[in-house]
Amino acid sequence: MQMFKTKKISQEDLPISEKTACTIGNFDGFHIGHQKILNLLKEEAKKHNLKSVVITFDPHPKKFFKNEDICTITNIETRLAFLSKMDIDYMLIIKFNEQFYKKSPQEFFKFLKEKVNCNLIIVGEDWKFGYKKSGDIFLAKDLGKTFDIKVISVKPEIKEGRKISSTYIRKLLKEGKVDELQNYLGRKYCILGKVVKGSGKGKKIGFPTINVRLPKDMCLKRGVYAGYVIIENKFYPAAINYGTRPTLDGKSEFLEAHLLTSLKEDIRLEYIKVIFEKFIREEKKFSDINQLINQIKKDIDKIKEVLRKNESS
């Protein structure tokens, strides 16, 4: 069964036979600026009877060059869920490699026309493209005339005198400031993830968890958070932990959530959405299990207090 309305495709699925309206970028943060572009894409696609396509890259181009520490804000599942909610038709994930990187601006536009069937492109006015980012919005509009592609540029969104960017959102996430993100995302920070079987160690100490598989390079400070888990459209208050669980095993990073209210046993868990409300404390290795259990109890009391205050405000 197709879980997402937006269809995920790759270069192997090209060319697209339908005429399309396209936007290009990583859309990792899915912040207010991204939403502005995507809403316009949806409007223009509908107006001109085109299919809407979001073109993104794997890996992130900055990761490919290894010249900057770029962590992941949202996983692919979360982005697909957002795009589906906006009725975007396709998410095209292009494998970013040396061959693709070396495309000139002209070759890139030829690819958009011949392979993606773009008739219209919507991008931010600071968009750069082609080999060594040699193309800008002015060249894009000139090439648009050559390839019969209409190019529409969008001004950046400004909030509190600051341009909204994925870079700033990464900074806030690394600092654990999830409660500040709503100003820039237009929503609570959340992750949609596939449920995976855990080791069962949480259950053994009295705090069973639901575990979610995530990319290894998430932009999220390790530690405990107050938040909610959405299962079948119902909100469950939860103690959320992101990290390596150093007291229990200290191995790979993963996300786990302990529900503070009971879950119906007949519910089949495949995907859950985790919503982050507030950072509670940093990850810590305790000297023994009893210290960990006592701390978890304190964490849960604090989380309940935080969620009560949020709900009453």
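Just so it is clear, none of the values below were taken in a lab; they were calculated from the coordinates. Note that the coordinates shown come from a computational prediction; the quantities given were computed from them, not determined experimentally. Note that each Cβ is placed from the backbone with ideal geometry, even for glycine, and that neighbours are counted across all protein chains shown.
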Q. Taking only Cα atoms, what is the 0 to 90° angle, nearest 10, from helix 105-114's long axis to the longest principal axis of the chain?
A. 90 degrees
Q: Working from the alpha-carbon coordinates of the range 7-163, get Rg over Rh, Rh being the Kirkwood radius.
A: 0.93
Q: Kindly flag which residue pairs out of Lys19/Lys63; Lys103/Lys150; Lys110/Lys188; Lys110/Lys194 have an alpha-carbon separation exceeding 29 Å in this structure.
A: Lys19/Lys63; Lys110/Lys188; Lys110/Lys194
**Q.** Long-range HN-HN contacts of Arg281 with modeled amide H, under 5 Å
**A.** Val224
Q.
Report the gain in length on full extension from Lys302 to Leu40: 0.36 nm times residue separation, minus Cα-Cα distance, nm rounded to one decimal.
A. 90.1 nm
Q. For the range 188-312, what does the alpha-carbon gyration tensor say about shape, rounded, prolate or oblate, given a ≥ b ≥ c as the root eigenvalues, a/c under 1.5 as rounded, and a/b over b/c as prolate?
A. rounded
Q | Which label in [x] 1.03; [y] 1.10; [z] 0.95 gives the computed Cα Rg over 2.2 N^0.38 Å | A | [y]
Q: Could I have the simple spin-label model distance between Lys285 and Glu232, label points 7 Å from Cα toward Cβ, reported in nm to one decimal?
A: 4.1 nm
Q | Cβ-based charge dipole, the chain, positive-most Cα from Phe100, Thr20, Leu192 | A | Leu192
Q. So which cysteines of the chain have no other cysteine's Cβ under 4.7 Å from theirs?
A. Cys190
(Q) Run the paramagnetic zone check for Lys110: 7 angstrom along Cα to Cβ, then residues of the range 125-158 with backbone nitrogen under 13 Å. (A) 147
Q: Please list the non-local residues whose amide H lies under 5 Å from the amide H of Lys194, H modeled 1.01 Å from N, same-chain partners needing a gap of 5 or more.
A: Arg213
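Give me the net charge for the shell around Leu255: Cβ to Cβ below 13 angstrom, other residues only, Lys and Arg +1, Asp and Glu -1. Working shown, then result.
Values: positive: Lys194, Arg213, Lys216, Lys221, Arg222, Arg245, Lys273; negative: Glu77, Glu253, Glu256, Glu283.
Every neighbour counted, the sum reads +3.
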Q. Sorted by mean Cβ packing within 10 Å, highest first, what order do the peptides 52-64, 152-164, 276-288 take?
A. 52-64, 276-288, 152-164
Q: Rounded to whole Hz and in sequence order, give me ³J(HN,Hα) for the range 271-280 from the Karplus expression 6.51 cos²θ - 1.76 cosθ + 1.60, θ = phi - 60°, writing x for Gly and Pro.
A: 10, 10, 10, 10, 10, 9, 9, 7, 6, 9
Q. Short version: ³J(HN,Hα) in whole Hz for each residue of the range 144-155, in order, from phi by Karplus 6.51 cos²θ - 1.76 cosθ + 1.60 (θ = phi - 60°), x for Gly and Pro, what are they?
A. x, 5, 5, 9, 6, 10, 6, 10, 10, 9, 10, 6
Q. How do 79-87, 290-298 rank on mean C-beta neighbours within 10 Å, highest first?
A. 79-87, 290-298
Q: Return the percentage of antiparallel bridges among DSSP beta bridges fully within the chain, rounded to the nearest 5 %.
A: 60 percent
Q | Only Lys, Arg (+1) and Asp, Glu (-1) charged, at Cβ; the chain dipole about Cα centre in debye | A | 260 debye
Q. Once amide H atoms are built 1.01 Å from N in the peptide plane, which residues 5 or more positions from Gly124, or in another chain, come under 5 Å H to H?
A. Val154
